[in-house]
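Right, one structure below, let's go through it.
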Amino acid sequence: MRMTKARRDILKIFNENDKPLNAEQLSKILEEDYDLSTIYRNLNFFEEQAILRSIVFSDKIKYYFTSKGHYHFVYCTKCKKFQKINKCFEEEFKKHINKKLDFEVKSHTLYFEGLCHDCKNRRDYDEAND
Ligand SMILES: [Zn+2]
Ligand SMILES: [Zn+2]
């Protein structure tokens, strides 16, 4: 794999950041001023190489994260904030999947999307004041 400066810079950020990032967030964190098309091209490249994985939520924004991590997140579709969940259901789920499907689980990623504490409160407030 040819490592350009842009690729090195991008990977560094993903390795230091434990939350998924979209291309725009990444461009703001990058010290160098790469244009978005360079960023997208390199994100696609890393995805093809299975170094990064991506996920698209119902708001159609694509997020990337390193494929070596173990991720549990909630994602707020309003303010676009990720929060980590520290509880792992792996053993329980594994047993269930193994029993039902006779499938050997190797890894998992878990996401929930919805509204965070602040956005939920703001919505309730807005509804009450309509
Ligand atoms: Zn929110
Ligand atoms: Zn887990």
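Summary of values
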quantity: Phe89, sole failed condition from (1) touching a Leu at 6+ places or on another chain (Cβ under 9 Å); (2) assigned by TED's automatic domain parsing to the domain that holds Leu115; (3) within 16 Å of ligand 1 (Cβ to nearest atom); calculated: (3)
quantity: The range 38-75, residues that are within 17 Å of Ala6 (Cα to Cα), open to solvent by less than 80 Å² (accessible area, probe 1.4 Å) and of a type in the set (D, E, K, R); calculated: Glu47
quantity: Pair list, Cβ under 9 Å, 6 or more apart: the range 78-106 residue surrounded by fewer than 10 Cβ atoms within 10 Å (Cβ to Cβ), other residue in a helix (DSSP H, G or I) and of a type outside the set (A, V, I, L, M); calculated: Glu104/Lys94; Glu104/Asn98
quantity: Residues being farther than 28 Å from Arg123 by Cβ and in a loop (DSSP other than H, G, I, E, B) - total across the range 60-76; calculated: 4
quantity: Residues of the range 92-130 that turn out to be within 15 Å of ligand 1 (Cβ to nearest atom) and touching a helix residue (DSSP H, G or I) at 6+ places or on another chain (Cβ under 9 Å), as a count; calculated: 2
quantity: Residue pairs meeting the criteria (Cβ under 8 Å; at least 6 apart or on separate chains; first within 15 Å of Asn17 (Cα to Cα), in the range 51-65; second open to solvent by 50 Å² or more (accessible area, probe 1.4 Å) and in a loop (DSSP other than H, G, I, E, B)); calculated: Phe65/Lys19
quantity: Residues of the range 108-128 satisfying the condition of being among the small types (Gly, Ala, Ser) and closer than 21 Å to Gln83 by Cβ; calculated: Gly114
quantity: The range 1-37, residues that are acidic (Asp, Glu), part of a helix (DSSP H, G or I) and surrounded by 10 or more Cβ atoms within 10 Å (Cβ to Cβ); calculated: Asp9, Glu24
quantity: Selection count where residues are of a type in the set (D, E, K, R) and either within 12 Å of ligand 2 (Cβ to nearest atom) or in contact with a strand residue (DSSP E or B) (Cβ under 6 Å, 6 or more places away or on another chain) (or both), scope the range 85-105; calculated: 5
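Matching residues to (1) assigned to a loop (DSSP other than H, G, I, E, B); (2) under 19 Å from the mean Cα position of the chain (by Cα); (3) at positive phi:
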{"residue": "Lys78", "(1), (2), (3)": "yes, yes, no"}
{"residue": "Gln83", "(1), (2), (3)": "no, yes, no"}
{"residue": "Lys106", "(1), (2), (3)": "yes, no, no"}
{"residue": "Glu113", "(1), (2), (3)": "no, yes, no"}
{"residue": "Asp118", "(1), (2), (3)": "no, no, no"}
{"residue": "Asn121", "(1), (2), (3)": "no, no, no"}
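The values are calculated or read from the model by the stated rules, or taken from the named source; none is laboratory data. Owing to the predicted nature of the structure, the values given are computational and were not obtained by experimental measurement. So basically every Cβ, Gly included, is an ideal-geometry build from the backbone, and we count neighbours across all protein chains shown. Ligands, DNA and RNA are excluded from the accessible area calculation, which covers all protein heavy atoms including side chains. Shrake-Rupley method; radii C 1.70, N 1.55, O 1.52, S 1.80 Å.
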